[in-house]
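Take a look at the structure below.
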Amino acid sequence: MKKIIPFILVTTSVIVVLAACTRNPYAVQPAVTTDTTGFAQFREWKTMNELESAIALRTAVAPRKTNTVYKSGSMTSSTTNEAKVAKKKGWSKAAKYSVIGAGSGAILGAVINKRNRVAGGIIGGVLGGGVGYGIGRSNDKKDGRL
């Protein structure tokens, strides 16, 4: 009798957990309501006006295309170039990993070398920074940043 009660408790808890995990929370359909105040039409009108004003503002403020026309006798050609926005990339993985490696190497070097902690920290920082740079550079090559 004493062995059956824990077995039943464990079995029921496993069944409850498995039943809870198999439910799909996205299967519940939202209730359909009717719009009696016309608020949906107002939101649609507002969205369209905001979209039109954004398009007008974008074309009025910064024209992105420059047209160059070349004329040579009876032949005319034109090119269209779009302005490219420079994307800020931030730190490369090589820089991040070298800073992390230098910091952790300095701490480990100071802890390991108990006679001269400053020299141990400097040597550990240089070695850790080098190893971190190598690992980060290989990750940059894999990502195509270089």
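Structure data summary
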read-out: Qualifying residue in the stretch 80-92 (condition: surrounded by 10 or more Cβ atoms within 10 Å (Cβ to Cβ), modelled with pLDDT under 85 and not in a loop (DSSP other than H, G, I, E, B)); value: yes
read-out: Qualifying positions in the stretch 1-44 - of a type in the set (D, E, K, R) and at pLDDT below 70; value: 2, 23, 35
read-out: Residues that are crowded, with 17+ Cβ neighbours inside 10 Å and touching a residue at least 24 places away in the same chain (Cβ under 8 Å), drawn from the stretch 99-134; value: 101, 102, 105, 128, 129, 132, 133
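The values are calculated or read from the model by the stated rules, or taken from the named source; none is laboratory data. Since this is a predicted model, take the numbers as computed values, not measurements. A quick note on method: Cβ atoms are made from the backbone with ideal geometry, for glycine too, and the neighbour counts reach across all protein chains shown.
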